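Colleague: My questions all concern the structure below.
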């Protein structure tokens, strides 16, 4: 433990990806449904193993190159924006302030889970919201602090609207994720070719594209001719908002988080399951309700709500390196 660390900060620094996954599961029943999957997705998008690999590398730029990292993979560069797809993000400034105070004051003698519950209850009282709406975002805040350090995390949140563009309450968002587009007046004639919507930035109006029943999500995204390349250079010009390089599960570029009910998409197939170890992304369970998937392998059977990660790469190379070292 560093001499400058509080005991709680030191405990947080020891957390691994498995520890955070278990903690998220422990706090699941205390987290509102609107953010349960979002918490798991956030920890998949910002894995501790990648943070440690880059932080401990003699040359982080060379390590990033070896892992073929593209996009924004440093959490320290997006402290106040990484959790924007959580409903609880609207309380980020208050959460950030109270988490920093909690850790600096070492108010976590009963463990990290108890500290999260305590901060969630305190902020809920301040903002007059149900504590279940705070538990998820507070958990993410503790995970963020681990990777950026207490000093940087203690900086005031930058000015922003913090999720208030949604204009809906948590129950409305949960219900909306479960609904499908109405088939229209002649919908009964289009059972096979029925169209649905894929929402890829739920907190922002206009971020949807159409998908035909049973069509894979990346193929449907390619029909979105808006120039998403301007916003994310990983996207190919005029080929939609999801970064993609192969559409055959060979590259892993199109991994996404799934917020909506997973019965509206196809279950992971053998190729996706086998390739996931090679990519090395965290969060994939191999089961039908996995919170992260490859969009090129997703076939839609209804409206789907996804989150696009800010980066992609081949961090399975880290697991290969660890296996060689153990041998």
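Colleague: Apply the a/c threshold of 1.5 to the C-alpha gyration tensor of the chain and tell me whether it is rounded, prolate or oblate. Walk me through the numbers before you get to the answer.
Modeller: Working: a/c = 1.92, a/b = 1.31, b/c = 1.47.
Verdict is oblate for the chain.
Colleague: How would you rank 289-298, 8-17, highest first, on the average number of other Cβ atoms within 10 Å across their residues? Don't skip to the end; give the middle numbers.
Modeller: Details: 289-298: 23.3, 8-17: 17.1.
Those peptides, ordered most packed to least, come out 289-298, 8-17.
Colleague: For residue 161 and residue 121, what does the FRET efficiency come to when R0 = 35 Å and r is the distance between their Cβ atoms, rounded to the nearest 0.05?
Modeller: Working: r = 25 Å, r/R0 = 0.72.
With R0 = 35 Å, the Cβ-Cβ based efficiency is 0.90.
Colleague: What angle, in degrees between 0 and 90 and rounded to the nearest 10, separates the Cα long axis of helix 17-26 from the longest principal axis of the Cα atoms of the chain?
Modeller: For helix 17-26, the angle is close to 80 degrees.
Colleague: A further question on this structure: Compute a Gaussian network model of the chain, connecting alpha carbons closer than 10 Å, and tell me which residue from 39, 212, 140 fluctuates the most.
Modeller: Looking only at 39, 212, 140, the largest GNM fluctuation is found for 212.
Colleague: Still on this structure, please answer the following. Starting with the fewest neighbours, write out 81, 260 ranked by other beta-carbon atoms found within 10 Å of each beta-carbon.
Modeller: Numbers: 81 15, 260 22.
By the 10 Å Cβ count, ascending, the order reads 81, 260.
Colleague: In terms of the Cα gyration tensor, with a ≥ b ≥ c the square roots of its eigenvalues, is region 48-198 rounded because a/c is under 1.5, prolate because a/b exceeds b/c, or oblate? Write down the numbers at each step before the final one.
Modeller: Numbers: a/c = 2.72, a/b = 1.38, b/c = 1.98.
Note, shape of region 48-198 comes out oblate.
Colleague: Now for a different question. What do you get for the angle between helix 316-326 and the principal long axis of the chain? Use alpha-carbon atoms, 0 to 90 degrees, nearest ten.
Modeller: Roughly 50 degrees between the two axes.
Colleague: Now a separate question. Shape call for region 179-317 from the C-alpha gyration tensor, a ≥ b ≥ c root eigenvalues: rounded (a/c under 1.5), prolate (a/b greater than b/c) or oblate? Kindly include the intermediate steps, with their values, before the conclusion.
Modeller: On the way: a/c = 1.94, a/b = 1.34, b/c = 1.45.
Verdict is oblate for region 179-317.
Colleague: Could you work out [θ]222 nm for the chain from helices alone, using -39500 (n - 2.57) per DSSP H run of at least four and dividing by all its residues? Round to the nearest 500 deg cm²/dmol. Let's see the in-between values first.
Modeller: Numbers: 13 runs with 131 residues, N = 327.
When only DSSP H runs of four or more count, the value is -12000 deg cm²/dmol.
Colleague: Okay, next question. Could you give the angle, 0 to 90 degrees to the nearest 10, between helix 132-148's Cα long axis and the longest principal axis of the Cα atoms of the chain?
Modeller: Roughly 70 degrees between the two axes.
Colleague: Among 6, 31, rank each residue by its count of other Cβ atoms within 10 Å, from fewest to most, as a rough exposure measure. Don't jump to the answer; show the numbers that get you there.
Modeller: Working: 6 18, 31 25.
Ascending Cβ contact count within 10 Å gives the list 6, 31.
Colleague: Most mobile of 120, 21, 38 per a Gaussian network model of the chain (Cα springs, under 10 Å)?
Modeller: For the chain, modelled as a Gaussian network with Cα springs under 10 Å, the answer is 21.
Colleague: Be a star and scan region 266-295 for residues whose amide nitrogen sits under 11 Å from the point 7 Å along the Cα-to-Cβ vector of residue 246.
Modeller: Under 11 Å, as judged by backbone N against the label point of residue 246, lie 272, 275-276, 278-279 of region 266-295.
Colleague: Using alpha carbon centroids, what distance separates region 222-300 and region 3-65, in Å?
Modeller: About 22 Å separates the Cα centre of region 222-300 from the one of region 3-65.
Colleague: Taking every DSSP beta bridge that has both residues in the chain, what percent is antiparallel when rounded to the nearest 5? Could the numbers behind the result be given before it?
Modeller: Details: 14 of 16 bridges.
Roughly 90 percent of the beta bridges in the chain run antiparallel, per DSSP.
Colleague: Of the candidates 222, 157, 57, which one comes out as most mobile in a Gaussian network treatment of the chain with C-alpha springs shorter than 10 Å?
Modeller: Residue with maximal mean-square fluctuation among 222, 157, 57: 57.
Every number in this text was worked out from the coordinates using simple rules, so none of it is lab data. On a predicted model such as this, the values are computed, not experimentally measured, just so you know. Counting neighbours? That spans all protein chains shown, and the Cβs are built from the backbone with ideal geometry, glycine included.
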